[in-house]
Amino acid sequence: MMSREFRHFLYDIREAITIIERATDAVTFADYQNNAILRLGLERAVEIISEASRRIPDDLKASRPEVPWPKVKGIGNVLRHEYHGLSDTIIWGVIVDEIPRLRIAIDAILRDLGDRS
């Protein structure tokens, strides 16, 4: 089986961000807390972002130093292994504070690579 080219992982991140954006449009923190399916879906999208970020070459990550790449990578481990200690506040903070910044960075990386989609 042929390994995926790193751009595919950038597309995976962009798609997961789009899902998060659509799912949280006009959603409050209280809505998030009271909807288990929404919480689990958003956690999965963040987990996908985390896993895909591991496949992005270091030089591309270095081109966007404003992104806390080690934290992006690390949150997946927290979601997989320490989910019981993860608060709704932490995940919601990632969604409202970090995901928009990550969107900007991923879009810029793709633009720099000549992606026009």
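Structural remarks
- Alpha-carbon centroid distance for the pair segment 20-60 / segment 95-117, whole angstrom: 15
- Rounded to the nearest Hz, the phi-derived 3J(HN,Hα) couplings of segment 65-70 under the Karplus curve 6.51 cos²θ - 1.76 cosθ + 1.60 (θ = phi - 60°) are x, 6, 8, x, 3, x, where x marks glycine and proline.
- Globularity index of segment 6-112, i.e. its alpha-carbon radius of gyration over 2.2 N^0.38 Å: 1.03
- Dipole magnitude of the chain about its Cα centre (Cβ charges: Lys, Arg +1; Asp, Glu -1), debye to nearest 20: 260
- Against the chain, whose longest principal axis comes from its Cα atoms, helix 6-24 is set at around 30 degrees.
- Along each principal axis, Cα extent of segment 57-117, largest first, Å: 41, 22, 19
Only the coordinates and a few stated rules stand behind these numbers; no lab work does. Values in this document were obtained by computation on a predicted structure and should not be read as measured data. Here Cβ is always computed from backbone atoms with ideal geometry, including for glycine, and neighbour counts include all displayed protein chains.
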